[in-house]
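The values are calculated or read from the model by the stated rules, or taken from the named source; none is laboratory data. All figures in this text were calculated on a predicted structure; none of them were measured in a lab. Neighbour counts run over all protein chains shown; Cβ positions are idealised from the backbone, glycine included.
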Amino acid sequence: MRWMWIDSVLSYEPGRRMVAVKNVSLAEEYLHDHFPDQPIMPASLMVEGMAQTAGILVGSCRDFREKVILAKIGSFTLHSDVVPGQCIRYTALIERLDEAGASTTGTIERLDHTIGQWETIGTSEIVFSHIDQNRSGNIFPEENFVFGENFRTLLRGVGLDKAMTAASKG
Amino acid sequence: MAFNRQQIEEGVIEVLEEALGVDAEEAKPQATLTGDLGAESIDFLDIQFRMEKKFSTPDKPFKIEQGELFPENLLQDATMVVNGKLTDTGMALLKQKLPHIDFSNFEGDRTVKKLSEVFTVKSLCDFLERRLAK
C-alpha cells in the first residue's frame, strides 16, 4: 500500500496555493475497521491528506530541494464526517515561507454526490520545517527522502514532476 | 503604521495564545517560553511566523531573518561551547547577535541547557520594539 492520501492535484499556483482531492471508496481496507458497521473516513488520515497537499506546495516553493517535514499542527478542526462515496477537497495556502520552514493554512471540503455541492467541513494550520536548515545542526542523508517516487505521478498533472526529477539529480 | 509598546505586548500575548495554547494571564513579562509556557523548539518557528504576520502592515511587511530572534546553530560550534558551558567567545557572539536578550541571570553559570530560560515574553516584546522602530 502506498502512503498517499490524496488522489490528484487539481490546481497549483506557485508559491501560493494547491488544491488536491481524495475520493473515499468502500474498497479501501481501513474503512472496514473504522468502523465495521459504520465506515467513516478517519480524521487522522484527513490530517495526513491535508499535510501532503500543503507539504507538496511547500516543497515546490524551493523546487523540491528542501526536505520538508511536518513540524507542528497548530490547529485542525473538522465538524462533519466523510463517508464512502464522498470526495474530499484539500486547499492549502502558504502563509509564511523562509529558510527554516513554512506555515500554511488549509480548508477541507466535502462533496456529497447526492447533493452535488462542495461544503466546507474543516480548517487547518500546519507548520513545516526544512530539516537541513534546522536549529539543532543535525546532518540528514543527501537524497531527498521526503519527495519520493510515489509523488511523481501525482505531480505530473500540474507539471511539477520535472522540478522533482531535477531536484533528485541534484 | 507604527506599533507602540502596549500594542506590541498585546500582539505578543495573542501570538503566544495561538502558538502555545496558553492563557493571557500565564504570559507574564518574566515568563520563560520553554520553562513556564511549555514551548518546544518547533514552536519558536511558529512564534516567529505569527509575529511576522501580526506586525506586518500593507505598506511595511515585517520579516525576521533567520537567527535574528533566536540563536541558530551557534551551540554546535566547538569554539562556542566547552563542557556544556558557553565560552567567552560564545557569550560575546550571543550578546552581539541577540541584543534584545537580558543575559544577566545566565552569564554567571553559562550552562547551555539553561540558555532557553533567557527567552521570556518580555524579550519578545523588547525585540519587536527595537526591530519595528527600524
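Worth pointing out:
- Any hit, segment B:78-96, residues being within 15 Å of the chain's Cα centre (by Cα) and either buried (at least 18 other Cβ atoms within 10 Å of the Cβ) or closer than 30 Å to A:GLY74 by Cα (or both): yes
- If you go through segment A:1-27 and keep only what is over 19 Å from A:THR107 (Cα atoms) and either of a type in the set (A, V, I, L, M, F, W, C) or at pLDDT 95 or above (or both), you end up with A:MET1, A:TRP3, A:SER25, A:LEU26, A:ALA27.
- For segment B:6-15, the condition holds for no residue, the condition being that it is within 11 Å of chain A (Cβ to nearest Cβ), surrounded by 14 or more Cβ atoms within 10 Å (Cβ to Cβ), outside any loop (DSSP other than H, G, I, E, B) and over 12 Å from the mean Cα position of the chain (by Cα).
- Helices (runs of 4 or more DSSP H) (entirely within segment B:21-134) containing at least 1 residues that are over 24 Å from A:ALA102 (Cα atoms), facing chain A (nearest Cβ under 10 Å) and out of contact with any helix residue (DSSP H, G or I) (no Cβ under 9 Å at 6 or more places or on another chain): none
- Pick from segment A:21-53, criterion in a strand (DSSP E or B) and of a type outside the set (A, V, I, L, M), ranking: farthest from A:SER11 (Cα to Cα): A:ASN23
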